[in-house]
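Visitor: Take a look at this one; I'll ask things after.
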Amino acid sequence: MEYSPTLAVATAAFEIIAAAWALTLPYARRFGSRRDRFGYRTVMWSTGAILLLLAGYQLTEVAICADVSAAGFLPRMAFIIVTWLPALGLLLVAEIQRPRSGFLHGCALVMLGASAGIVAWIALDRSFATASVCNAVFARYAHAQPRFQFYAAYYWVGLLGMAALSGYGVHTSADPRRRRMHAHVLVGTLGFVLPSILLSHFVPAARSALPAVMCHFAIILAVALAHMLWVMQAEPVAASELTRSAPRTRM
């Protein structure tokens, strides 16, 4: 079936708009220095970076499938882009957690270091990934085995870490705002990982295209993160309205 870029372009458009909002929202007046004691700015920056990377993969896939025979470095670029996602996801979880957790930040730093090493490896290893075929709405890649198994192990550790640590935050956070933020990350992560696994298991054409399938289902993560930002930006307004209405309250 001929590849159609419509889904990838539409997904990328949403993710770019959400990323632009996430990266400019910290400079809104309501998130001045007084509000930043909650650490909202770093959460927004991490969220914006994740959304930009998700959009970057979609646009790279469109460029690959426009002419697979001339894809060149683009398949490796696609994997370089998505390599950073688990590490930034763990960093987001660490930034959400309050009080600050040295353990969570340590996990994020380890994953960021591993990501940097893997990115260097992909950039130098010409056989790491080549585009094999584009089918309907996703691309399938050919990989050098068994080296790719190491990459897959890294990636799954990162995704499972995002789910496990955000779930831990939901369970342990005393602040209901932090619990909601962790819940958004947890739902978004499980919301794209589980359907991707099920689709690749039951649909033969998707079995060799799990990386691409996951990146398309990651729109669920993007929506969850965008909704998390919406809730965050609404909270200061509610607080200010409550403050203004307090003098009129009568017992």
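What follows draws every value from the coordinates through simple rules; no lab data is involved. Please read all numbers here as calculations on a predicted model, not as lab measurements. Backbone-built Cβ (ideal geometry, glycine too); neighbour counts: all protein chains shown.
Visitor: Starting with the highest mean, order 114-122, 77-85 by the number of other Cβ atoms within 10 Å, averaged over the residues of each peptide.
Guide: Going by the mean number of other Cβ atoms within 10 Å, highest first, we get 77-85, 114-122.
Visitor: Stretched out fully, how many nm does the piece from His105 to Arg126 gain, at 0.36 nm a residue minus the Cα gap?
Guide: Extra length from His105 to Arg126 when fully extended: 4.3 nm.
Visitor: Label region 105-199 by shape, choosing from rounded, prolate and oblate, from the square roots a ≥ b ≥ c of the eigenvalues of the Cα gyration tensor; if a/c is under 1.5 it is rounded, and otherwise prolate applies when a/b is larger than b/c, oblate when it is not.
Guide: Here region 105-199 falls in the oblate category.
Visitor: Ranked highest first by average number of other Cβ atoms within 10 Å, how do 91-104, 211-224 line up?
Guide: Packing order, densest peptide first, comes out as 211-224, 91-104.
Visitor: While we're here: Restricting attention to region 124-232, which trypsin sites (Lys or Arg not before Pro) occupy a DSSP loop and are surrounded by at most 13 other Cβ atoms within 10 Å? Display every interim value, and only then the final one.
Guide: Details: sites: Arg126, Arg140, Arg147, Arg177, Arg178, Arg179, Arg180, Arg207; in loops: Arg126, Arg207.
Those that pass, being in a loop and sparsely packed, are Arg126, Arg207.
Visitor: Return Cys134, Cys107 ranked ascending by Cβ neighbour count within 10 Å, so the fewest neighbours appear first.
Guide: Cys107, Cys134
Visitor: May I pose another question? Hydropathy at least 0.5 by Kyte-Doolittle, axial extent at least 30 angstrom from the Cα trace: which helices of the chain, defined as entire DSSP H runs, fit?
Guide: 40-66, 74-96, 102-124, 147-172, 219-245
Visitor: Oh, and also: Under 14 Å from the 7 Å Cα→Cβ point of Arg98, by amide nitrogen: which residues of region 172-213?
Guide: Taking a point 7 Å out along Cα→Cβ of Arg98, the residues of region 172-213 whose backbone N falls under 14 Å are 173-182.
Visitor: In square nanometres, what is one fourth of the surface area of the convex hull spanned by the alpha carbons of the chain?
Guide: Details: hull surface 62.3 nm².
If I average the Cα hull's projected area over directions, I get 15.6 nm².
Visitor: Could you give the nm distance between label points at Val133 and Phe202, where each point is 7 Å from its Cα heading toward the beta carbon?
Guide: Modelled inter-label distance: 2.3 nm.
Visitor: Rounded to the nearest 500 deg cm²/dmol, what is the calculated helix-only ellipticity per residue at 222 nm for the chain, with -39500 (n - 2.57) per DSSP H run of length n ≥ 4?
Guide: After summing the helix terms and dividing by the residues of the chain, the value is -25000 deg cm²/dmol.
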